[in-house]
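Comments concern the structure below.
The values are calculated or read from the model by the stated rules, or taken from the named source; none is laboratory data. Predicted model only: the values in this text are computed from it and were never measured. Note that each Cβ is placed from the backbone with ideal geometry, even for glycine, and that neighbours are counted across all protein chains shown.
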Amino acid sequence: MAHVLTVDDSVSLRKLVAGTLSTAGHQVVEASNGAEGLDLLKSRTFNLIISDINMPVMDGLTFIRHVRSIVTYKFTPILVLTTEMDPAKKKVAKESGATGWIVKPFDPEQLLNTIRKVLG
Amino acid sequence: MTQRLADIQQQLLATFFEEAVDALAQIESGLLALDKGKDDPQLREEQINSVFRAAHSIKGGAATFGLQPVAELAHSAETLLDRLRSGSMKPNADVTAMLLASVDALRGLVQWSSSGAKGAAPDASALRGRLDSAAEQMGQGGGYHTAPRAQPRAANDMRTRFKIDFRPKPHMLTTGNDAVRLLRELALLGEIKLEVDHGALPALADLEPTQCYLSWRLELTGSMTRAQIDEVFSWVDMDAEIVIEELRDAKPGTQPAAAARVDEPFALDGQSGSIRVSVSKLDMLMNMVGELVITQSILGELEGDGPIDVKRMASLRDGLALLARNTRALQESVMSLRSMPISTVFSRFPRLVHDLSHALGKQVELKLSGQSTEVDKTVLEKLGDPLTHLLRNSLDHGIEKPELRRERGKPEIGTLSLRAFHRGSDIVVELEDDGGGLDLPKILARARKLGLVGPDEVPSDDVIRELIFAPGFSTAEQVSDVSGRGVGMDVVRRNIKSIGGHIQMSSVTGQGTRTTLRLPLTLAIIDGQLIRVGRYTYVVPLLSILESVEVDRSRVSRLEGRHPLYRLRDDLVPIISLANLLGVAQEDTSNAALLVVVEADGERLGFAVDELLAQQQVVVKSLETNYEAVEGLAGATILGDGSIALILDVLGIARLARLARGGSAGRAA
């Protein structure tokens, strides 16, 4: 079982991620934007972070840059949820510190497979 | 497990629909605000960004929940928005109109999907075409390609062999990608043979634990495809040097075509009449219940066999007072659960004003205030249509065209203010425009034509103003699209009255018109005065009572064929015998001891009653749902002793009284 943080301003997608992961027994905590996500990081520890990119208040890439600057999160897998992944976007995401991405639309089964791989 | 996953998706579909509706409203108001940000690049950028974000999230969600038509249209709109965002395109009226049309179309599609996707989907292909070609003129095309969902691992009978050289760059670990994970993943594809190259490993003293010093050479044998291997490395191809070579030239087997995925939109079973309640309100409610429990325990102390002495009596009285206070607070809390901010109605108006003022060739700025004012849900539902009508009237008849405004020395842009606020136990909604005001001569001329005013009559201004509420009245020179569809102010007034409200209009020629609506906070509970007529108890809504007086018989005058009149100070008030109207045997039909003076339609009436009882709040039970509507009665309620009392509808009683005496009632006042 892993502790997972999912960050998305869309309630439906966030709950979809959270619901899917909890069927596999993971503990999921939700945040609706990057700033909320950072707050949560202060009070607990996560093994995996899944974040949307387009969000109000603090977007996903800024959020990831902040997370990577925290010593304990240097190696933590961080996945971005995105609708497109062209080479340019990929470069920006990687430079921000993303581990990988999940391309929307995803189906829950596929999400679980990806998570299983990342968590080993 | 798969079943459970599908359930999760299904359950969240309703959430997505709610979200999409909100996002569409956000896009709409953002688009309408674009004009305002014209001179402030930073503001404008933020506006476009938030619109873009909303469109983007609709697209992502719709695609994930399998709502292809929504996703496709949202994508086209998003592409155009992206052009605006990047600055390669300037917003103008055409683009805004096109985007607004997409908001409407998306709303239609969402509606269609959420109501079970019955019948053919609304066709948005023409609109998409327009959006795409507009975007294309500005940059690369905007065709939508659904990102293919990862296909099931294609079985390949051919055995293939790959040689892979995998040299992570030192920083790879800090991207969260573990080399061991990648190797493990590769091992799932086939048989793996690997060699570690630790040549780059430094002496322990120099070893930086966050860096990756190892590389691997591996051979993979199995029935995988090159694409599958690429997928394993797709996250790290920028963080490592990867060379993949196919060793045996085996023809890749034809991959079975991925089974066509039938994207059936999920159906939602009917709309539930749900309401969103903020947590703070629920907390408040919980608090009240807590108080109630404490009060209960205070009263519980009094239980037992001890004598009822003065001390116990006093604490009983205290406890009951506390209980009354708690009940009242609890009632208010529960009522607030039923109420929603008036912004749910107001929010549709910016769009309406935008569209209408363009159609009419007028420039109008809509100012909204008091949007967070909370109103009972039932009142709110019935407020939308009358308000829309009033707004249309102001735009059509009130605010002048720019040229005329300039002539009159007013700013070209007209102002329309819509305000909501609490006043006493009422909600007040005020609509004010700075237009030409009511054109009294024109109204009078029209009224003469309709025969509402005789050719020789010269009515006062107040009376003329009142004429616009006459059935079938409209002064629009030609029936325009905007107003004058036969639904007049009479319908507006009737609608407002049906929710217990009042409408009032005042205007200054050349300066503008103000319409004031007063609405009750709730329809479910009213403050009532209990009265007795004969053997029966009735409730008169306290708000409509002006005063109650003891009848001094010398002040009663009678005229044949009219209600008797009572001289109240300098006024004459018709005495309405409730007993007669309601068909109740009164103890003394003509000389009731008490007169309850009420206001109905601006007139004063005196209800003759036998006794004034308590004043209390009563819960209104509808007669219509439990029996049938009865003229003169607003409903029924259950009193403390379990008996039933009918609630009088003051306006209805006034109407009945007028009928009973050939329309003469009330006019005398």
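Evaluation of B:V243 against the conditions (1) exposed (fewer than 12 other Cβ atoms within 10 Å of the Cβ); (2) modelled with pLDDT under 85 shows that the sole unmet condition is (2).
Taken together, the criteria place A:P56 among residues that are surrounded by fewer than 19 Cβ atoms within 10 Å (Cβ to Cβ) and either touching a Gly at 6+ places or on another chain (Cβ under 7 Å) or within 12 Å of another protein chain (Cβ to nearest Cβ) (or both).
Against the list (1) touching a residue at least 12 places away in the same chain (Cβ under 8 Å); (2) surrounded by fewer than 21 Cβ atoms within 10 Å (Cβ to Cβ); (3) not β-branched (V, I, T), the condition B:D22 fails is (1). Scanning the range A:61-98 for residues that are of a type in the set (A, V, I, L, M, F, W, C), outside any loop (DSSP other than H, G, I, E, B) and at pLDDT 85 or above yields A:L61, A:F63, A:I64, A:V67, A:I78, A:L79, A:V80, A:L81, A:V92, A:A93.
Each residue in the range B:65-81 was checked for being touching a residue at least 40 places away in the same chain (Cβ under 8 Å) and part of a helix (DSSP H, G or I), and 11 of them qualify.
Pick from B:H171, B:H198: which is within 14 Å of chain A (Cβ to nearest Cβ) and not polar (S, T, N, Q)?
Numbers: B:H198 fails: within 14 Å of chain A (Cβ to nearest Cβ).
B:H171 is the lone residue from the list that is within 14 Å of chain A (Cβ to nearest Cβ) and not polar (S, T, N, Q).
Conditions tested, residue by residue: (1) modelled with pLDDT of 85 or more; (2) under 24 Å from B:S278 (Cα atoms).
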residue	(1), (2)
B:P350	yes, no
B:G370	yes, yes
B:E374	no, yes
B:H422	no, yes
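Is it the case that A:G120 is at pLDDT below 85, closer than 15 Å to B:E185 by Cα and facing chain B (nearest Cβ under 8 Å)? Lay out the reasoning, then the answer.
Numbers: at pLDDT below 85: yes; closer than 15 Å to B:E185 by Cα: yes; facing chain B (nearest Cβ under 8 Å): yes.
Criteria met by A:G120.
Looking at the range B:308-317, can you tell me whether even one residue there is outside any helix (DSSP H, G or I) and more than 22 Å from B:V619 (Cα to Cα)? Even if it seems obvious, please write down each step before you answer.
So the first thing to find is which residues in the range B:308-317 are outside any helix (DSSP H, G or I), and the list is B:308-309.
Filter once more, keeping what is more than 22 Å from B:V619 (Cα to Cα): B:308-309.
So far as the range B:308-317 goes, yes, one or more of its residues are outside any helix (DSSP H, G or I) and more than 22 Å from B:V619 (Cα to Cα).
Within the range A:17-34, the set of residues being of a type in the set (A, V, I, L, M, F, W, C) and either under 17 Å from A:F106 (Cα atoms) or without any contact (Cβ under 8 Å) to a residue 24 or more places away in the chain (or both) comprises A:V17, A:A18, A:L21, A:A24. Taking the criterion of being within 8 Å of chain B (Cβ to nearest Cβ) and either modelled with pLDDT of 85 or more or more than 16 Å from A:G25 (Cβ to Cβ) (or both), the residues of the range A:99-111 that qualify are A:T99, A:G100, A:W101, A:V103, A:K104, A:P105, A:F106, A:D107, A:Q110. Condition first: out of contact with any helix residue (DSSP H, G or I) (no Cβ under 6 Å at 6 or more places or on another chain) and facing chain B (nearest Cβ under 10 Å). Can you find one or more residues in the range A:23-42 that meet it? Within the range A:23-42, not a single residue is out of contact with any helix residue (DSSP H, G or I) (no Cβ under 6 Å at 6 or more places or on another chain) and facing chain B (nearest Cβ under 10 Å). Residues that are of a type in the set (S, T, N, Q) and crowded, with 16+ Cβ neighbours inside 10 Å were ranked within the range B:322-342; the one that is farthest from B:P402 (Cα to Cα) is B:N326. Residue count for the range A:36-47 under the criterion of being closer than 14 Å to A:I70 by Cα and outside any loop (DSSP other than H, G, I, E, B): the result is 7.
Restricting the search to the range B:43-64, which residues are in contact (Cβ under 8 Å) with a residue 60 or more places away in the chain and under 16 Å from B:L100 (Cα atoms)?
First, the residues of the range B:43-64 that are in contact (Cβ under 8 Å) with a residue 60 or more places away in the chain: B:63.
Of everything in the range B:43-64, nothing turns out to be in contact (Cβ under 8 Å) with a residue 60 or more places away in the chain and under 16 Å from B:L100 (Cα atoms).
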